[in-house]
Amino acid sequence: MTDNATTQMTDAPAAKAPAGKRLSPRARIATGAVALTLLGAGTFGAVSATAAPARTTTTAAAATVDESLTRTSTHLTLGAATRAARAAVDAAKKGGHAVSVAVVDRNGDTLVELRGDGAGPQSYESAGRKAFTAVSWNAPTSELVKRLEQAPTLKDIPGTLFLAGGTPVQAEGAPIAGIGVAGAPSGALDEQYAKAGADALGK
């Protein structure tokens, strides 16, 4: 009973074509492909219709500044800063001292920091602050120490250190960098080694 029912269901004729005509196997395949294409197109259209609209981004045009409102500044290269720092460390080593050296640019940002073998941990930060102080005031820090007598609050400016050991690097009379040294037995020696670093740039 079950086998006969299955056979009858399997052998049931396909749906009749309109006007009493049967479609050939090839026509049925083509008709099915067209139906699938239309179905897919309808689905894609539905998804596209519900998708969020594309965002448009606009880029503002860069402002052009008159050349009379700008100024060209001189900067120390990384190679030059490294040479100055190495010269300061070597000068201190010849003098029998282990120091830390920092070279900063005109804005006080660090270019190079070197810590000599055996230099104390406190010397690292001190060297950077001396370099920052020297370039900020375009003067050796040994001279700036004297200004504290007239303006003692200078020492309260963040990042500064009014101790001998920092010297500015100049180009055409303007500061372009600062070199700070710390770790020698005295500030005078620190500044001597900082100047040795600056002098190396003139050779």
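Tell me the net charge near G128. Cut-off is 14 Å between Cβ atoms, G128 excluded, with +1 for each Lys or Arg and -1 for each Asp or Glu.
That works out to -2.
Starting from 0.36 nm per residue, how many nanometres of slack lie between L69 and N107 once their C-alpha separation is accounted for?
11.7 nm
Within 10 Å, count the other beta carbons around each residue, average over each peptide in 191-201, 69-79, and list them highest first.
Peptide ranking by packing, descending: 191-201, 69-79.
Among 84-93, 167-176, 126-135, how do they line up by average Cβ neighbours within 10 Å per residue, starting with the highest?
Ranked from most to least packed, the peptides come out as 126-135, 84-93, 167-176.
Based on alpha-carbon centroids, what's the gap between region 79-93 and region 94-153 in Å, whole number please?
Using only Cα atoms to place each centre, the spacing works out to 14 Å.
Quote the charge dipole size of region 142-203 about the Cα centre in Debye, to the nearest 20; the model charges only the Cβ of Lys and Arg (+1) and of Asp and Glu (-1).
20
Given the pairs K93/K146; K93/K155; K94/K195; K93/K130, which are separated by over 22 angstrom at their Cα positions?
K93/K146; K93/K155
At what distance in nm do the modelled label points of A171 and E143 sit from each other, each positioned 7 Å from its Cα along Cα→Cβ?
With each label point 7 Å from Cα toward Cβ, the separation is 2.1 nm.
Considering amide H positions built from the backbone, and no H for Pro or chain starts, which residues 5 or more places from A171, or on another chain, come under 5 Å of its amide H?
When sequence neighbours closer than 5 places are left aside, the close amide H contacts are I176.
Ranked from the most accessible area to the least, with a 1.4 Å probe and all protein chains present, what is the order of E149, E125?
So, going from the largest accessible area down, we get E149, E125.
Determine ³J(HN,Hα), in whole Hz, for all residues of region 170-176 in sequence, where each value follows from phi through the Karplus function 6.51 cos²θ - 1.76 cosθ + 1.60 and θ = phi - 60°; x replaces Gly and Pro.
Listing the rounded values in order: 10, 9, 6, x, 10, x, 10 Hz.
What FRET efficiency, computed as 1/(1 + (r/R0)^6) with R0 = 41 Å and r the Cβ-Cβ distance, is obtained for A188 and A62, rounded to the nearest 0.05?
The calculated FRET efficiency here is 0.20.
The values are calculated or read from the model by the stated rules, or taken from the named source; none is laboratory data. Because the structure is a prediction, the values reported are computed rather than measured. Don't worry about glycine lacking a Cβ; one is built from the backbone with ideal geometry, like all the others, and counts go over all protein chains shown. Accessible surface is based on the protein model in full, side chains and every heavy atom, while ligands, DNA and RNA are left aside. Shrake-Rupley method; radii C 1.70, N 1.55, O 1.52, S 1.80 Å.
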